[in-house]
Amino acid sequence: QKVSVEVLEHLEHLALVDFRDSEGVQRLQKAIQFADQLHEVNTDGVEPMDSVLEDRWCLYLREDDVTEGSCTKELLENAREKVEEYFVAPPGNIPLPKLEERETFLQGS
């Protein structure tokens, strides 16, 4: 299932994710195909839930005991980009490609 330019633009603005390359578009298409499997699930007679724990009156909290520590170095190895000891998240005002650029990526996918 192809992703239209309008849907791509809408998702970019919502998620603040840049889909400029064909790899990003392909990944999005695979995610949509995976999610489409939910349409096959029969939900007749199933009431919507606010939470999977809505039948419980009280949720009990456990003590927050630290069992491991000093793993900052290992955690930051997972970061695509970092500054000092912080993960760098994408900015909220990413420059989005012009409409013509996006159409060329969609044609190639």
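The values are calculated or read from the model by the stated rules, or taken from the named source; none is laboratory data. This is a predicted model, so every value here is computed, not measured. Every residue, glycine among them, receives a Cβ derived from its backbone with ideal geometry; neighbour counts consider all protein chains shown. Side chains are part of the model used for accessible areas, which takes the heavy atoms of the whole protein and leaves out ligands, DNA and RNA. Shrake-Rupley method; radii C 1.70, N 1.55, O 1.52, S 1.80 Å.
When the alpha-carbon atoms of region 1-40 are used, the pair Rg, Dmax equals 10.4, 31 angstrom. Packing, as the average of other Cβ atoms within 10 Å across residues, places the peptides 24-30, 34-40, 67-73, 4-10 in the order 24-30, 4-10, 34-40, 67-73, highest first. With both labels modelled 7 Å from their Cα along Cα-to-Cβ, the Q26 to V83 distance reads 3.3 nm. A 1.4 Å probe run over the protein chains yields, for region 1-40, 76 Å² of accessible area per residue, whole-number rounding.
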